[in-house]
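Just so it is clear, none of the values below were taken in a lab; they were calculated from the coordinates. The shown structure was predicted, so the numbers you read here are calculated from the model rather than taken from an experiment. Using ideal geometry, Cβ is built from the backbone for each residue, glycine included, and neighbour counts are taken over all protein chains shown.
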Amino acid sequence: MKPKFLIGGGVIVLALGYLIWAGVTQSAVYFVTPSELQAAPVSGKAYRLGGLVTRGSLNWDPSTLNLTFSVSDGKTTIPVRHRGAPPDLFGEGRGAVVEGQWTGEGYFKATHIMAKHSEEYKAPHDTKEAQSKGLIKTLDKGER
């Protein structure tokens, strides 16, 4: 009777181990850097591309929703095109991960942009003073 319990317990432990392993590997989010993508680009393949948005490369036209920018890892820069509004935290010099595919025309066509943010929280020093300065600016006749 004891060997049956050991075998049954072993099967349960293995099944739970497999479920945990499968859950962790499927939820992990990996992305390639611009250097890795440039080394072996496959046209039409879906990628997650991560890096910093290059300063001076961001161009967004609100009327057509065309967004262009470049992502760099410090070694290689990849041009990115996207149709839609950028996320609130998205900007030049900030980290971003874009989902999409590499095109044969030499740019990355993004379907989704995820802006990375700082993991540090910094509380505002004096919010009353900052709010009053902002209110004064909006009330000033020259600032409209």
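Here are the numbers:
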item: Karplus-derived 3J(HN,Hα), 6.51/-1.76/1.60, for each residue of the range 66-73, Hz, glycine and proline x; result: 7, 10, 10, 6, 10, 10, 10, 10
item: Ratio Rg/Rh [Cα only; Rh per Kirkwood] for the range 29-115; result: 0.93
item: Fewest-first sequence of THR77, THR111 by Cβ atoms within 10 Å of each Cβ; result: THR111, THR77
item: The range 29-115, relative contact order in percent, only Cα pairs under 8 angstrom and at least six apart counted; result: 31 percent
